[in-house]
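Written below as C-alpha cells is the structure these notes are about.
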Amino acid sequence: MQPPGGRRRLGRALVLGLVLTTAASTTGTAATAGPPGRHSTPDFGPNVTIFDPRMPVSEIQATLDAAHARQVDNEMGTARHAYLFMPGSYGTAEQPLQVKVGYYTEVSGLGASPTDVAVNGKIEVYNRCLEGGGTGNCIALVNFWRTLSNLSLTVNAAGQDGCRSSANFWAVSQAVSMRRLDVTGGGLSLMDYCTAGPQYASGGFIADSRLPAITNGSQQQWLTRNSEIGGWSNGVWNQVFAGTVGAPDDAGFPNPPYTTLDTTPLSREKPYLFVDAHGRYGVRVPAVQRDSRGISWDEGMTPGRTLPIRDFFIAKPSDPVHVINSQLARGRHLLLTPGRYDIARSIEVRRPDTVVLGIGHATLTAVNGSVPLDVAGVPGVVVAGVTVDAGPTESPVLLRVGKRHGRNASTPRNPITLSDVYFRVGGPHIGRADTALEINSDHVLIDHTWVWRGDHGVEGFTEGVNGDTDRWRTNTGRHGVVVNGDHVTATGLFVEHFQRHNTVWNGEHGTTILYQNELPYDPPTQADWMNGDVEGWAGYKVGDRVRHHTLHGGGVYVFNQNNPSIRTANGFEVPVTPGIRLHHVMTVNLSAGTIDHVVNGVGEPADTTRIGSPVYLAQYPVP
C-alpha cells in the first residue's frame, strides 16, 4: 500500500460527579491538597476538562463531539485542550463512548495504571478530505498534534457502519503519541481505509502499550517501543520495533521493511498525571530502564517516583516567565497547562531532577528571538509534552540542553530526558530559527520528537512557486537537531524540511532508533541548495571526527516540488570507520528531485524513475 506520490499536497494546500472546566486565573498556582479525606482539584485553568465516571455517557459524548467539531480542521489554530478521565468506567456495551480526536487535543486517563480508567467504545482519528470537502484527497498526512495515553479501551463499534465497525482507527502522522494503553475487544488500524483514497499516512509512535493485532496499512514509517502487540500487518517503507513482544521478525528486510531490536538499549517512560486511591493528585516519573522489553506496568505501578502536585507550579499562558523561573529556582517542578505561551526570555531549568510536564499540547512561542527553553546539563531533568514554536525574529535555538562549552553533569544512571517534545518553524505564522533542538550535554535521551520546518501553513505567502520561494527566504531554519554531547540516544527522531543538514550529530557514542526525514520542498534553485561544492545537504550528518555511532532504521525522502531538477548527493553522510554502523537505511523519491546515493556515494539514485520505490541498504558499511 505504497503511496506513489508526494506526501502533503493540500490542493496547495471535577469535582466528583461533574465535568470540571476550571476557571481562568491571571497567575499560576502551586496546587495544594485539602484537609485529610478531602482533596481539592488543582486549578488547571480553562483548557482542562476532567470527567468523572458518574457522569451520564451522553454528557461526556456531547462534550467530546463538540470538541472534535471545533478542532478537526483547526490545524494552525491556537486552541489547546486536555480531556482527562478520573479512575472508573466509561461507556457500556449498549451505550459505548465513541470519541474522535482533533488537533491539539490530549485524551488521557488519571489512573495510576492504564487499567484504572476503562473506556468501552472507541477513540479514533479519521482521514481529512482536503479538496473543497470532496473525496479526491482524503489523507492522514497532516493529522498532527494529538495525544492518547494511560487508559484501557474495549473496542465497541455499536451503531457504526460495517467498515467503521472493523477496527479502532488511529490515522495520524507526526507529533502524535500513543502511550500506556491497554486495548482489547477489536483490532487497531493506523490507516483509515473507510474514507475514500488515497489514504496516505506518515506517523508515528507507540510506547508502553498492550495492543491487539495492528493494521499498519499506508503508514510510511512507525516506531513501536516497549510494548506488547498481537501482530503487525503491512509496512510501506520503514517500520521499527524496539523491546516489543510480538514484533515481526526482520530477517527478510527490506521485504517487508521491518527493523526489530529485541530490547531497547535506553528508555524512560513519559511522566504522567494521576490521582491516587485517596483522591490526591500527583505526577509519576518513571525510572530509567536499560535493555528493556515489554510494558512497564504489567506487575503493578510503573517503577519510579511520585511527586505530589503541591511540588509543581501550575502555570497558565498568562504567567510571566520571571514568575515561572522564580518558582523553578525555589525547587518547584513545572506543569504547563494547555495554551500558547509567548516567551520573550528563556524559561530556565537549572536544578537536577526537575520535571517540566506539558498537558494538552502546551506551546511555547519565541518572542523577539528568544530561546524559549534552556535546560542546564544537570542529571535527571525531564521535559515532556511541550511544543516549541519559532517566532518571526530569528532565535539561535528553540530548546537548548547544556552549554556548548560549559560544564555538563548529566549522568548515565540519570540522563536528561525529552519525551514528546515537538518543534515548529513556520506554519501558523512566520518562523525563524538557526537550530530547533541543540543537545550539548552528555547522557541525554530523546524519546519521540518531531522537529518541523513548515512545508505549508498560513504565513501569508502567495500560493504557487513564488510562494515557495518566499517561504525559503522568509521561513528560515538551518538545522533541526544538532547533537554535540556524547552518549545521546534518540528513540523516534522525526526531522523535516530544514535548509541545511536536518540533523548534525557531533557527539560520540550516539544511538538513533528510527530516523525519519524529508528534505526541504522549497529550494528555489540548485545554487540555493549547495554545501560548498557538494550538491545539497544530507538529511543525516555524522560529524567528520566522530568514531562511534549507531543508527537503526533510517529514511531520507525527497520532494523538490519548487524545482524538480534539484539534486542531493547523499541522504546520509558519515565517517568511514569501524565504530559507525547504519542498519536498515533508505532513501525514496516522493515525485520530484533526486537523491543520488543513500550514504557516502553508495546506493542507487532515488529519482523520478522510481517514485515511491525506496533504495535500501541493509547495512553500512556494506560487507
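What follows draws every value from the coordinates through simple rules; no lab data is involved. Predicted model only: the values in this text are computed from it and were never measured. Note that we place each Cβ from the backbone using ideal geometry, even for glycine, and neighbour counts take in every protein chain shown.
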If we count every other residue with Cβ under 13 angstrom of V615's Cβ, Lys/Arg +1 and Asp/Glu -1, where does the sum land? -2
How much net charge surrounds P114 when only the other residues with a Cβ under 11 Å from the Cβ of P114 are counted, with Lys and Arg +1 and Asp and Glu -1? -1
Looking only at region 71-95, which residues have a backbone nitrogen under 13 Å from a spot 7 Å from the Cα of S58 in the C-beta direction? 95
According to a simple spin-label model (label point 7 Å from Cα along Cα-to-Cβ), what is the distance in nm between A344 and H278? 4.4 nm
So if I take the centroid of the Cα atoms in region 52-78 and the same for region 362-433, what is the distance between those two points in Å? 31 Å
Using Cα Rg over 2.2 N^0.38 Å as the read-out, say which of (1) 1.03; (2) 1.30; (3) 0.90 was calculated from these coordinates. (3)
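Share of antiparallel DSSP beta bridges in the chain, in percent to the nearest 5?
15 percent
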What distance in nm lies between label points placed 7 Å from Cα along the C-beta direction at T393 and D161? 5.3 nm
Tell me, what is the Rg over Rh of region 324-620, with Rh the Kirkwood radius over Cα pairs? 0.97
Less than 19 Å from a label point 7 Å out along the Cα-to-Cβ axis of T577: which backbone N atoms in region 502-535 qualify, by residue? 504-512
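Taking a ≥ b ≥ c as the square roots of the eigenvalues of the Cα gyration tensor of region 466-616, is the shape rounded (a/c under 1.5), prolate (a/b larger than b/c) or oblate? Before the final figure, lay out the partial values.
Working: a/c = 1.89, a/b = 1.44, b/c = 1.31.
Cα axes put region 466-616 in the prolate bin.
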So how strong a dipole does the chain carry about its Cα centre when Lys and Arg Cβ are +1 and Asp and Glu Cβ are -1, to the nearest 20 debye? 1220 debye
If each of R473 and R330 carries a label point 7 Å out from its Cα toward its Cβ, how far apart are those two points in nm? 5.0 nm
Please compute the Cα-Cα pair-distance distribution of region 305-423 with 5 Å bins starting at 0, giving whole percents from short to long. 2, 12, 22, 26, 22, 11, 4, 1
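Have a look at the DSSP beta bridges in region 226-357 and tell me what percent are antiparallel, nearest 5. Each step should come with its number before you reach the end.
Values: 13 of 24 bridges.
Among the beta bridges of region 226-357, antiparallel pairing accounts for roughly 55 percent.
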Which listed residue (G426, H361, V401) has the Cα farthest towards the positive end of the charge dipole for the chain, taking +1 on Lys and Arg C-beta and -1 on Asp and Glu C-beta about the Cα centre? V401
Check: C-alpha center region 539-584 vs C-alpha center region 254-313, spacing in Å is 32 Å
Once a ≥ b ≥ c are taken as the square roots of the eigenvalues of the Cα gyration tensor of region 511-594, is the result rounded (a/c under 1.5), prolate (a/b larger than b/c) or oblate (a/b not larger than b/c)? oblate
